[in-house]
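Some notes on the structure that comes next.
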Amino acid sequence: MANNVPDIPSSLVEALRAARHVAALTGSGISAESGVPTFRDPQDGLWAKYRPEELATPLAFRRDPKLVWDWYTWRRQLVARALPNPGHLALVELERCVPRLTLITQNVDGLHQRAGSQAVVELHGNINRAKCFREGVMVEAWEDAGQSPPACPHCGGPLRPDVVWFGEALPPAALQAAVEAAATCQIFFSIGTSGLIEPAASLAYAALRRGALVVEINPATTPLSDNAIPLRGPAGQVLPALMQAAWPSEPGR
């Protein structure tokens with residue numbers, strides 16, 4: 001097998017093929033394989049002097065909305081240049097092969113949707129959308145009239161990225177969908193996430209308490225590792241290998 005790809009246990013293959021409901025939680029690791037910088041990565045160029053914790057807050061936006069909007073514009077440009085990697089594509093295949101897949105992500109880059117995943121639970125929002133800072137109204141597209149931040153087309157207030165900032169609660173509907181998936185799945189995958197950010201970090205343990213098989217796909221160990229089947233390696237290599245092991249006769253294989 002290729003470097004960095006562990007052997008796939010036959011017991012996992014059998015369980016995956018028999019599962020009625022699979023849940024997968026993805027974190028920044030899977031997007032990093034597409035070149036999307038994580039919050040822990042050093043900022044580049046003009047943004048090197050800022051820490052994300054200083055910009056990704058409601059207080060920072062109130063203090064200097066132009067600075068925060070321009071930083072997210074830069075991040076959107078980085079995301080736009082990134083492409084879904086084999087890990088994203090393998091999850092699209094998994095969605096086709098199992099009766100039900102709930103794909104939960106902490107990422108805001110939309111790469112799962114661009115890869116072809118149909119129903120993605122976005123715990124932290126999406127950087128490609130905006131909403132009114134004043135009223136919270138969602139805005140899918142906005143006019144680029146040189147104003148930074150742009151004005152809400154409904155009330156004229158400033159637009160902000162539709163992402164969850166430090167100190168903000170997760171979208172209730174997304175969190176509820178994730179909690180329900182953890183409680184009802186037979187297999188729970190933790191993919192490319194540190195297992196440190198709550199409440200997402202608790203989902204795997206909720207699945208464990210309900211008797212689910214928990215699988216961790218990550219090059220490094222995390223607090224979850226002792227309670228999971230560890231598949232050590234990058235998602236872009238491990239997930240395609242898992243799909244090949246479970247469904248070797250699928251078209252295109």
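The values are calculated or read from the model by the stated rules, or taken from the named source; none is laboratory data. None of the values given here were measured: they were computed from a predicted structure. Cβ placement follows ideal geometry from the backbone for every residue including glycine, while neighbour counts extend to all protein chains displayed.
Search segment 71-95 for residues that are crowded, with 18+ Cβ neighbours inside 10 Å and pair each with any residue that is modelled with pLDDT under 95 and assigned to a helix (DSSP H, G or I) when their beta-carbon atoms are under 7 Å apart and the residues are at least 6 apart or on different chains.
Trp71/Trp47; Trp71/Leu55
Any idea how many residues of segment 205-250 are touching a strand residue (DSSP E or B) at 6+ places or on another chain (Cβ under 8 Å), among the acidic types (Asp, Glu) and surrounded by fewer than 16 Cβ atoms within 10 Å (Cβ to Cβ)?
Of the residues in that region, 0 qualify.
Counting only residues that are surrounded by 11 or more Cβ atoms within 10 Å (Cβ to Cβ) and under 19 Å from Ala183 (Cα atoms), how many does segment 13-22 have?
Filtering segment 13-22 down to residues surrounded by 11 or more Cβ atoms within 10 Å (Cβ to Cβ) leaves 13-17, 19-22.
Cutting the leftovers down to under 19 Å from Ala183 (Cα atoms) gives us 15-16, 19-22.
Number satisfying all stated conditions: 6.
Among the residues of segment 130-141, is there at least one that is in a loop (DSSP other than H, G, I, E, B) and either under 30 Å from Leu12 (Cβ atoms) or at pLDDT 95 or above (or both)?
Looking for residues that are in a loop (DSSP other than H, G, I, E, B) and either under 30 Å from Leu12 (Cβ atoms) or at pLDDT 95 or above (or both), one finds at least one in segment 130-141, hence yes.
For residues in segment 88-98 being assigned to a helix (DSSP H, G or I) and of a type in the set (A, V, I, L, M, F, W, C), which is farthest from Gln237 (Cα to Cα)? First the steps, then the outcome.
Here is the first cut: in segment 88-98, the ones assigned to a helix (DSSP H, G or I) are 88-97.
Retained after the next criterion (residues that are of a type in the set (A, V, I, L, M, F, W, C)): 89-92, 94, 97.
Details: Leu89: 11, Ala90: 10, Leu91: 12, Val92: 15, Leu94: 14, Cys97: 19 Å.
Once the filter is applied, the top-ranked residue is Cys97.
Quick one: in segment 42-64, which of the residues that are acidic (Asp, Glu) and either modelled with pLDDT of 70 or more or outside the structural domain of Pro158 (by TED's automatic domain parsing) (or both) is nearest to Ala32 (Cα to Cα)?
First, pick out the residues of segment 42-64 that are acidic (Asp, Glu): 44, 53-54, 64.
If we keep only those that are either modelled with pLDDT of 70 or more or outside the structural domain of Pro158 (by TED's automatic domain parsing) (or both) too, we end up with 53-54, 64.
Values: Glu53: 19, Glu54: 22, Asp64: 29 Å.
Filtering segment 42-64 for residues that are acidic (Asp, Glu) and either modelled with pLDDT of 70 or more or outside the structural domain of Pro158 (by TED's automatic domain parsing) (or both), the one nearest to Ala32 (Cα to Cα) comes out as Glu53.
Residue by residue through segment 205-249, note down the ones that are in contact with an Asp or Glu (Cβ under 8 Å, 6 or more places away or on another chain) and closer than 26 Å to Thr38 by Cα.
Listed by number, the residues that qualify are Thr222, Leu224, Ser225, Ala228, Ile229, Pro230, Leu231, Pro234, Ala235, Gly236.
Quick test for you: out of Ser190, Ser202, pick the one residue that is in a strand (DSSP E or B) and either surrounded by 15 or more Cβ atoms within 10 Å (Cβ to Cβ) or not β-branched (Val, Ile, Thr) (or both).
Ser190 is the lone residue from the list that is in a strand (DSSP E or B) and either surrounded by 15 or more Cβ atoms within 10 Å (Cβ to Cβ) or not β-branched (Val, Ile, Thr) (or both).
Identify the single condition in (1) surrounded by fewer than 23 Cβ atoms within 10 Å (Cβ to Cβ); (2) in contact (Cβ under 8 Å) with a residue 24 or more places away in the chain; (3) within 24 Å of Glu198 (Cα to Cα) that Val108 does not satisfy, given that it satisfies every other one.
Here Val108 clears every test but (1).
Look at segment 111-124 and say how many of its residues are surrounded by fewer than 18 Cβ atoms within 10 Å (Cβ to Cβ) and among the small types (Gly, Ala, Ser).
Keep residues of segment 111-124 that are surrounded by fewer than 18 Cβ atoms within 10 Å (Cβ to Cβ), which gives 114, 116, 118-119.
When the remaining residues are screened for being among the small types (Gly, Ala, Ser), the result is 116, 119.
So the answer is 2.
State whether the residues of segment 104-112 include one that is farther than 16 Å from Ala23 by Cβ, in a helix (DSSP H, G or I) and out of contact with any Cys (no Cβ under 8 Å at 6 or more places or on another chain).
yes
Can you name the condition, by its number, that Ser148 falls short on among (1) among the hydroxyl-bearing types (Ser, Thr, Tyr); (2) out of contact with any Ser or Thr (no Cβ under 7 Å at 6 or more places or on another chain); (3) assigned by TED's automatic domain parsing to the domain that holds Glu14?
So Ser148 meets the others, but not (3).
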